[in-house]
Amino acid sequence: MAITSVGIDGEAIDRVTATSKPEVLIEKGMYFTTVGSFYLQKRFTAEICHVEKSQTVLGKMITARALERGTLVLAGPSDTLSLQRWIHNTSAKYPVDICLVDGAVSRLSPASPAVTESMVLTTGAAFSANIKTLVAGTRFVYDTIQLPAVPEEIRKPLENITKGIRTITEDGQIEDPGIDSALTPDQIRQVLDTCGNRIYIPGVLSNGLLKALTERKEAGKICLYVRDFSRIFAEPATFYAFLRKGGRMAQLLRPNLLAVCVNPVSPEGYCLRSEELVSHMQDALNISVYDIKNIKT
Amino acid sequence: MTFARFAQRIDGLNYLAEQMELSGSRVRRYLMQIPFCDKAEVLEKHFDILQKAYEIHSLPENEPALMQLRHLFTTVHDIKGTLEALKQKQVLDEIELFELKYFASLCRDFRLLCKRIDFMSQAPMCLQHVFDWLDPDKTGTSGFYMYDSYSPSLAQARKAVLATDPEKEPESWNRATDLVQQEEWSVRKTLSEELSKRYEVLQNNFDQLARLEIWLAKAALAVKYGMVRPQVAPVLSIEGMVNPMIADILVKSKGTFQPVSVTLHQGPCLLTGANMSGKTVVLKTLALIQALTQFSFFVPARTAQIPLVKDVFLVVGDKQDYYKGLSSFAAEMLALDRIMDKIKKGNRFFVLVDEPARTTNPYEGTAILCALLAFMEQYRVMSLISTHYGELNTAVRKLRVVGFEGEKAVGRIDPTSINQYMNYSLVEDKRTSVPKEALQIARLLGVDDSFIKRAQEFLKKNNHE
């Protein structure tokens, strides 16, 4: 097993919330990647296998194999591209069956199927101390993750398109209206004017565009294709309004969501009732929900 | 004087540096630091190495090994900091020790590949002893940790840690791990001391890898542009020289660069020719070839005999002068003054000046030009000076660009394709007058007929007077 983190994990005090944080425990034989300064602070024996050529803000990335069990601070590749490379290289070079990536708060891009094969969505009292709000927020992310896949016959030709906007005609032809993205009001107007009802957005699906499309008379006829759920930057209200009006949305790459985990304890020490939280969450989501403070193996 | 300094002054040098396939900024910095060399014996040695690299590149069976080498160059880490720490006899940390082990194993790979292409003279030294120190368990891999076998007391300290439960006995666990850290430190100290004795060979290998890469890149460049080894000789004589940057631009517009031959003796030589006849290109290419020779490159020509000089000066009024807030005349005069000052101090230079004093009145301009020629004559400075000024009262040797072969051209021609009608060859010219083809070329460029006629009338009027 190889492990890394896109944020900083395992430090005694969280740098964002200034509250205490659990340690990262590395088992003997595990491969791990962290920056040099944290590597040298660890108190167990490990063999350095690789040092990244390039420097990051925190120093050079070290990949090592644990020769003993121990704890350390984990801070690995933080951008999507180097994370992709990390997964590829680590599984190619070392006897590793699975690469685990610890995510970071509100960062969905490492969970894109373009990077990682599967994901576990984690949430908890840190997000909100109100169960209703917490469930609704999780439900929204869950719904975007579970958006259906783009039909097979149209998926293939769209796969290699990573820029601009595309229109798909009635007879399945892909046309390029020549718009770079749909972010500014001008660009959104262009999309409304020139694109038909079936639109592929390889980049960011902005709240503005989704809102504008929802306000259209024939919103019910619209079918939106996005690259994957992590490209949807829309507010829950807009997202649901679009779907309520009959609009459809699908993603090119559909992630494999394994489970949802909740932590009932907030960094400030506030604790939700575990059973109530899990059961509410379970009712709202059609997937296994675990309380990470109370996992029975 | 470094390559970087020259690249700022001489057009096309940077372009060629950019065409070189180098693995990263570390090696590029190295290239930029290459000194300008005027020692024939050093240059000949360099050319021998480059010749060898060129032959290696020309053999197709070497291609797989060369490709592996190119890849291997990209895996070299910048261990400048670690080497500096060794030099200062500091205690290295675990990561730095890993870097040295990795570097030693890379050197072994480099040696293997150098052997395959028969280039051992430029291979890094063998670092097996360094590798062995950092591989006491003889794993043979580049992985590294503070091996138990380095010290019995380290092994014992580690056992003590394993026997302690950090959760139940945190105090004694802390003490035990502190001891491990201490023991690790003494091992690192001993290792660092041993390694620092090897500092020079490590540093030299690190530099040698950059040198090796640059030799191979220079050879690849020579193959790409059909460059030849220059001969160091007392008289400059170049046959079929080409300017790689301009040739590349021409290829893009489906044109070709007409190779030019030139011989220059001590003392000044004038270069005349019509507008657009490529006088500036001749000057720039000569400066480029001279610089390439003295930075141990092959040169873009069929043959090249090059005398060595202390410095090359190319004065073509460029836009940089305006940024400094100088008029083009002022910038040029000050540049020439600086150069003449250096010449007076008695060194061999190569001076190339594009149309001196062209931005002032022809009456004084001619006088300035003649004075410059007289100066170059007095100090026997190898120099080529282009001009449009004619009827100079001087016996200086003159080269003329053959120029426009107008009989081939009909009607109006596209300014970018005028080179099809130009003969860029240089010929000896005994006449005192200069080519007068400005109006003809303006006409062919499609400049308004009535305007040209008016100019011709003025010409006639002046001639009558």
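Throughout, read-outs are computed from the coordinates displayed, never taken from laboratory work. This structure is a prediction, so every number in the text was calculated from the model and none was measured. Backbone-built Cβ (ideal geometry, glycine too); neighbour counts: all protein chains shown.
Can you pull the Rg over Rh of segment A:150-251, Cα-only, Kirkwood? Working shown, then result.
Values: Rg = 12.3 Å, Rh = 13.4 Å.
Result: Rg/Rh = 0.92.
Hull surface divided by four, with the convex hull built on the Cα atoms of segment B:83-180: how many nm²? Spell out each step's value before the answer.
On the way: hull surface 33.1 nm².
That works out to 8.3 nm².
Of all beta bridges DSSP finds with both residues in chain B, what is the antiparallel percent, to the nearest 5?
40 percent
Binning at 10 Å from 0, report for segment A:69-147 what percent of all alpha-carbon pair distances ends up in each bin.
14, 41, 30, 13, 1
Of all beta bridges DSSP finds with both residues in segment A:105-249, what is the antiparallel percent, to the nearest 5?
Values: 4 of 12 bridges.
Once the DSSP bridges in segment A:105-249 are tallied, antiparallel ones form about 35 percent.
Using +1 at the C-beta of Lys and Arg and -1 at the C-beta of Asp and Glu, which of B:VAL281, B:SER386, B:CYS37 has the Cα lying farthest in the positive direction of the dipole of chain B?
B:SER386
Would you mind counting up the charge near B:TYR145? Only other residues with Cβ under 14 Å from its Cβ, with Lys and Arg at +1 and Asp and Glu at -1. Walk me through the numbers on the way to the answer.
Details: positive: A:LYS28, A:LYS42, A:ARG43, A:ARG65, B:LYS101, B:ARG158, B:ARG188; negative: A:GLU47, A:GLU68, B:ASP93, B:GLU94, B:GLU96, B:GLU99, B:ASP135, B:ASP137, B:ASP148, B:GLU183, B:GLU184.
With Lys, Arg at +1 and Asp, Glu at -1, the neighbours total -4.
Test of understanding: express the Cα radius of gyration of segment A:1-42 as a ratio to 2.2 N^0.38 Å, with N the residue count. Could you put the intermediate results ahead of the total?
On the way: Rg = 11.1 Å, N = 42, 2.2 N^0.38 = 9.1 Å.
Taking the Cα Rg and dividing by 2.2 N^0.38 Å, one obtains 1.21.
How big is the protein assembly as shown on each of its three principal axes, counting only the C-alpha atoms and giving the largest first in Å?
Taking the Cα atoms of the protein assembly as shown, the three principal extents are 112, 80, 50 Å.
Separation of segment A:7-82 and segment B:342-398 by C-alpha centroid, Å?
With segment A:7-82 and segment B:342-398 each reduced to a Cα centre, they are spaced 68 Å.
Run the dipole for the protein assembly as shown about the Cα centre, Lys and Arg Cβ at +1, Asp and Glu Cβ at -1, nothing else charged, and hand back the magnitude in debye, nearest 20. List each step's numbers first, then the result.
Values: 91 positive and 89 negative charges, 334 e Å.
Charge dipole, the protein assembly as shown, about its Cα centre: 1600 debye, nearest 20.
Let's see if you can work this out: charge +1 on each Lys and Arg Cβ, -1 on each Asp and Glu Cβ, no other charges. What is the dipole magnitude of segment A:35-173 about its Cα centre, in debye to the nearest 20? The partial results should precede the final answer.
Values: 15 positive and 13 negative charges, 126 e Å.
With Lys and Arg at +1 and Asp and Glu at -1, about 600 debye.
Using the crude model of +1 on Lys and Arg Cβ and -1 on Asp and Glu Cβ, and no other charge, please compute the dipole size for chain B relative to its Cα centre, in debye to 20.
On the way: 58 positive and 57 negative charges, 347 e Å.
Result for chain B is approximately 1660 debye, rounded to the nearest 20.
Once the convex hull of the C-alpha atoms of segment B:219-272 is built, how many Å³ does it hold per residue, rounded to a whole number? Don't skip to the end; give the middle numbers.
Numbers: hull volume 5.4 nm³, N = 54.
With only Cα atoms used, segment B:219-272 gives 101 Å³ per residue.
Which distance in nm do the two modelled labels at B:VAL223 and A:GLN282 give, with both placed 7 Å along the Cα-to-Cβ direction?
6.9 nm
Among B:ALA247, B:TYR363, B:GLN19, whose Cα sits farthest toward the positive end of the charge dipole of chain B (+1 at Cβ of Lys/Arg, -1 at Cβ of Asp/Glu, about the Cα centre)?
Value computed over the given set: B:TYR363.
Note down, for segment B:335-444, the three equivalent ellipsoid semi-axes (square root of 5 times each alpha carbon gyration tensor eigenvalue), biggest first, whole angstrom.
Details: eigenvalues 197, 43, 37 Å².
In descending order, the three semi-axes are 31, 15, 14 Å.
Restricting the calculation to Cα positions, tell me the Rg (one decimal) and the Dmax (whole number) of segment B:1-138 in Å.
17.8, 55
For chain A, take the longest principal axis of its alpha carbons; what is the angle in degrees between that and the long axis of helix A:80-93, to the nearest 10 within 0 to 90?
50 degrees
Once you average over the residues of A:39-47, how many Cβ atoms of partner chains fall within 10 Å of each Cβ?
Rounded to a whole number, the mean comes out at 5.
Over segment B:227-434, how many percent of alpha carbon pairs lie in each 10 Å bin up to the one with the longest distance?
8, 33, 37, 20, 3, 0
Using only the Cα atoms of segment A:104-158, what are the Rg and Dmax in Å?
Both quantities, over Cα of segment A:104-158: 14.3, 45 Å.
Along the charge dipole of segment B:227-434, pointing to its positive end and built from +1/-1 on Cβ of Lys, Arg, Asp and Glu, which listed residue (B:PHE375, B:VAL262, B:GLN294) has its Cα farthest out?
Ranked along the dipole, the leading option is B:GLN294.
Over segment B:227-434, what is the percentage of antiparallel beta bridges among all DSSP beta bridges, to the nearest 5?
Details: 13 of 33 bridges.
Here the share of antiparallel DSSP bridges comes out near 40 percent.
Using only the alpha-carbon atoms, how far is helix B:170-196 inclined from the longest principal axis of chain B? Give it as 0 to 90 degrees, nearest 10.
So the inclination is approximately 50 degrees.
Once you have all Cα-Cα distances for chain B, histogram them in 20 Å bins from zero and send the whole-percent values.
20, 40, 24, 12, 4, 0
Report the Cα-based extents of segment B:37-215 along its three principal axes, largest first, to the nearest Å.
Largest to smallest, the principal-axis extents are 71, 35, 22 Å.
Please compute the alpha carbon radius of gyration of chain A, then divide it by the globular-protein estimate 2.2 N^0.38 Å. Two decimals is fine. If you can, show how the numbers build up before the last one.
Numbers: Rg = 21.5 Å, N = 297, 2.2 N^0.38 = 19.1 Å.
With N residues counted in chain A, Rg over 2.2 N^0.38 Å equals 1.12.
Students often get this wrong, so check it: of A:LYS28/B:LYS87; B:LYS218/B:LYS342; A:LYS60/B:LYS115; A:LYS28/A:LYS53; B:LYS115/B:LYS189; A:LYS42/B:LYS101, which have C-alpha atoms separated by over 28 Å?
Values: A:LYS28/B:LYS87 36 Å; B:LYS218/B:LYS342 32 Å; A:LYS60/B:LYS115 33 Å; A:LYS28/A:LYS53 26 Å; B:LYS115/B:LYS189 35 Å; A:LYS42/B:LYS101 21 Å.
In this structure, A:LYS28/B:LYS87; B:LYS218/B:LYS342; A:LYS60/B:LYS115; B:LYS115/B:LYS189 lie more than 28 Å apart at Cα.
Check cross-link reach from B:LYS430 to the lysines: straight Cα distance under 25 Å, and skip same-chain residues fewer than eight apart.
Result set, ordered by chain and number: B:LYS279, B:LYS284, B:LYS398.
Considering only A:ALA182, A:ALA92, A:ALA66, give the residue with the highest GNM mean-square fluctuation for chain A, with springs between Cα atoms whenever their separation is below 10 Å.
Ranking A:ALA182, A:ALA92, A:ALA66 by mean-square fluctuation puts A:ALA92 first.
Of A:LYS221, A:LYS21, A:LYS53, which is the most mobile in a GNM of chain A whose springs link Cα atoms less than 10 angstrom apart?
Maximum among the listed residues: A:LYS53.
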